[in-house]
1. Just rank Thr172, Thr98, fewest to most, by other beta-carbon atoms within 10 angstrom.
2. If I take R0 = 25 Å and measure r between the Cβ atoms of Thr230 and Asp151 in this structure, what FRET efficiency does the formula 1/(1 + (r/R0)^6) give, to the nearest 0.05?
3. Take each of the peptides 151-161, 29-39, 205-215, average the number of other beta-carbon atoms within 10 Å over its residues, and list them starting from the highest.
4. For the stretch 115-232, count the residues as N, evaluate 2.2 N^0.38 Å, and divide the Cα radius of gyration by that value, please.
5. Using the structure shown, select from Lys41/Lys80; Lys80/Lys270; Lys57/Lys182; Lys41/Lys94 the pairs with a Cα to Cα distance greater than 30 angstrom.
6. Once the Cα atoms of the stretch 58-97 are picked out, what are the Rg and Dmax in Å?
7. Beyond 18 Å, what share of the Cα-Cα pairs of the stretch 36-170 remains, rounded to the nearest whole percent?
8. Compute the Kirkwood hydrodynamic radius of the stretch 128-177, taking the inverse of the mean of 1/r over all pairs of distinct Cα atoms, and give it in Å to one decimal.
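FYI, it's all coordinate maths here, none of it is from the lab. What you see is a predicted model; the values in this text were computed from it and never measured. Backbone-built Cβ (ideal geometry, glycine too); neighbour counts: all protein chains shown.
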Amino acid sequence: MADQAEQLRNIIKSDAGAKALNSRPMARVITVTSGKGGVGKSNTSINLAIQFRSRGKRVIILDADFGLANIEIMFGTMPKHNLSDLIYQHKNIKDIITWGPGDVGFISGGSGIEGLSNLSKGDLTYIIQNLAQLDAMADVIIIDTGAGISDAVLEFLVASGEILLVTTPEPTSITDSYSLLKALNRHPRFSTNNTQIKVITNRVENEREGEILFSKLNVVVGRYLGLPLTFLGSVPQDKLLSQSVMQQLPVSLAHPGARSAEAYSYLAEKLIDPDSDRTLKKRGMAAFFSHIVANKRNL
């Protein structure tokens with residue numbers, strides 16, 4: 001695989017690749033994940049996107065929960081094209097972006113990223129140049145991963161410099177969150193120094209319960225994995241959030257005064273905080289994808 005690795009590096013270093021990667025300041029890529037399904041991961045992605053947008057940030061969500069299409073269902077919008085069409089049909093990046101409520105763009109993952117190891121140099125150059133355009137179109141790109149510990153999920157997490165881990169008070173959610181972090185920590189390409197892991201406790205009764213939940217997870221992770229975690233905040237149990245899901249409209253738009261919407265507003269404020277932003281190493285979307293391609297090729 002050494003020749004494939006060299007080929008990918010040459011594409012990135014080429015004039016076309018360099019132009020794509022350095023055309024403007026890199027977008028902030030935030031990857032939202034969870035140890036199991038049903039804990040509110042996609043709701044977190046969507047509502048943070050809405051809150052970012054309300055603060056003037058241009059936002060695009062990549063639905064990387066391949067095959068389930070959670071984002072488009074929750075947005076009530078059917079995309080014409082998806083990421084697979086860009087990769088395998090050479091659609092332009094603008095063709096595969098669907099605009100949902102609140103003027104938030106999203107890209108459906110389609111069938112996923114299988115077969116990337118077989119792409120030609122020309123295919124890779126085309127994809128990297130297109131994905132680099134996202135850096136010019138968005139200030140923040142949110143990656144909504146699949147749930148659990150699949151190879152695809154780990155590839156996205158390893159490529160990300162900023163991870164939001166969503167968990168709930170359910171014992172299975174806590175143990176699955178730990179298992180996900182354990183698998184990530186064991187990944188040969190995971191870099192603790194270049195990755196920030198922030199925890200959001202969802203469906204809690206109050207902030208205090210969220211803090212206790214984080215503390216329990218943090219103690220175990222610190223003792224056995226040595227991974228530094230940051231508590232970002234909590235989202236309370238909220239019937240209005242459940243109602244908004246049925247309405248296929250984010251709670252931040254459907255019920256902006258709801259407890260959950262106010263919590264998402266608070267979380268967005270913390271993420272936008274200038275001091276937090278300065279500590280991030282922004283990679284941009286083209287570099288993010290290139291890292292995933294390298295993993296798929298077992299480089």
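1. Details: Thr172 12, Thr98 21.
Result, fewest neighbours first: Thr172, Thr98.
2. Numbers: r = 26 Å, r/R0 = 1.04.
For Thr230 and Asp151, the calculated efficiency is 0.45.
3. On the way: 151-161: 20.8, 29-39: 23.5, 205-215: 15.5.
Those peptides, ordered most packed to least, come out 29-39, 151-161, 205-215.
4. On the way: Rg = 16.8 Å, N = 118, 2.2 N^0.38 = 13.5 Å.
For the stretch 115-232, the normalised Cα radius of gyration comes out at 1.24.
5. Numbers: Lys41/Lys80 24 Å; Lys80/Lys270 34 Å; Lys57/Lys182 33 Å; Lys41/Lys94 26 Å.
Listed pairs above 30 Å: Lys80/Lys270; Lys57/Lys182.
6. Just the Cα atoms of the stretch 58-97 yield Rg and Dmax of 10.3, 27 Å.
7. Values: 4957 of 9045 pairs.
Result for the distance tail: 55 percent.
8. Working: mean 1/r = 0.0766 Å⁻¹.
After inverting the pairwise mean of 1/r, the radius is 13.1 Å.
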